[in-house]
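Heads up, the thing below is written out as structure tokens.
Every number here is computed from the coordinates shown, using simple stated rules; none is lab data. Everything quoted here is computed from the prediction, not taken from an experiment. Methodologically, a virtual Cβ is constructed for each residue, glycine included, from the backbone with ideal geometry; neighbour enumeration extends over all protein chains shown.
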Amino acid sequence: MTTFKDFYVNWYSRSVAFAREYVLSDDDAHDIVQDVFIDLYERFDYLPEKINLVAYLFTSLKNRCIDVLRRRITEEEAKNRIGEEYRLEIKMKFDSLEILDDDLFDEESTGKIIEKALAALPERCRIIFTKHKLDGTKRKDIADELGITIKTVDNQLGIAYQKLREILKPYSSLLFFLL
């Protein structure tokens, strides 16, 4: 049986050329070959005497190359998916800007949008939100006036904010700009 050193000297460069042919990268090819030869070195003394070392070597190389290529395919598919999601988001933003109604920029239209959103709130939320945000009434004063706790005022304001966010979502960037 041949020694590991002789086998390594005879087959290392051919193994690198073989791996490079498939993985298309010198660094990856050298890494694969190094890993295969380390694995072979660790098992060398335990291999059967009549084993075809060349077949064993190239089967190991083939499997490692497949692993590298499979990983690359998975990475490329993930990049493409992310790229496609980004492209769709950009397209959606472009389309939304194209259809943006210029009339929304006047105060009257904006006022109507906000009035409509406030009218869609449950009555108690609308009253508390209007008193606090539009009239400037303090939370404690609202609680005293309505006979409720400050915690209830806070909860109702939270509900109002959440519902307004949902209702005004199509106008969020416009309202941010205007307000």
Query raised in the report: If you put +1 on each Lys and Arg Cβ and -1 on each Asp and Glu Cβ, how big is the dipole of the chain around its Cα centre, in Debye rounded to 20?
Result: 600
Report summary line: Between Thr3 and Ile82, Cβ-based FRET efficiency (R0 45 Å, step 0.05) works out to 0.35
Query raised in the report: Separation between the Asn10 and Asp26 pseudo-spin-labels, each 7 Å from Cα along Cα→Cβ, expressed in nm?
Result: 2.8
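Sort 135-141, 34-40 by the packing proxy (mean of other Cβ within 10 Å over each peptide's residues), most packed first.
Working: 135-141: 12.6, 34-40: 15.9.
Order by mean packing, descending: 34-40, 135-141.
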Report task. Could you give me the percent of Cα pairs per 10 Å distance bin for the stretch 1-100, shortest bin first, beginning at zero and ending with the bin that holds the maximum distance? Result -> 14, 33, 19, 11, 10, 7, 4, 1
Requested in this report: Compute from the Cα atoms of the chain the Rg and the Dmax, the latter being the longest Cα-Cα distance, and quote both in angstrom.
Outcome: 34.5, 98
Query raised in the report: Gain in length, Ile148 to Ala119, computed as 0.36 nm per residue apart minus the alpha-carbon separation, to one decimal in nm?
Result: 8.2 nm
Query raised in the report: Using 19 Å as the cut-off for backbone N distance, which residues of the stretch 29-49 belong to the label zone defined by a point 7 Å from the Cα of Thr74 along Cα→Cβ?
Result: 29, 32
Query raised in the report: What percent do you get for the relative contact order of the chain when only Cα pairs under 8 Å and 6+ apart count?
Result: 14
Report task. Multiply the residue separation of Lys91 and Ile159 by 0.36 nm, subtract the distance between their alpha-carbon atoms, and state the gained length in nm to one decimal. Result -> 21.2 nm
Query raised in the report: Tell me which lysines have Cα within less than 30 Å of Lys50's Cα, excluding those fewer than 8 residues away on the same chain?
Result: Lys5, Lys62
Query - Most mobile of Tyr22, Tyr46, Tyr12 in a GNM of the chain (Cα contacts under 10 Å) - result: Tyr46
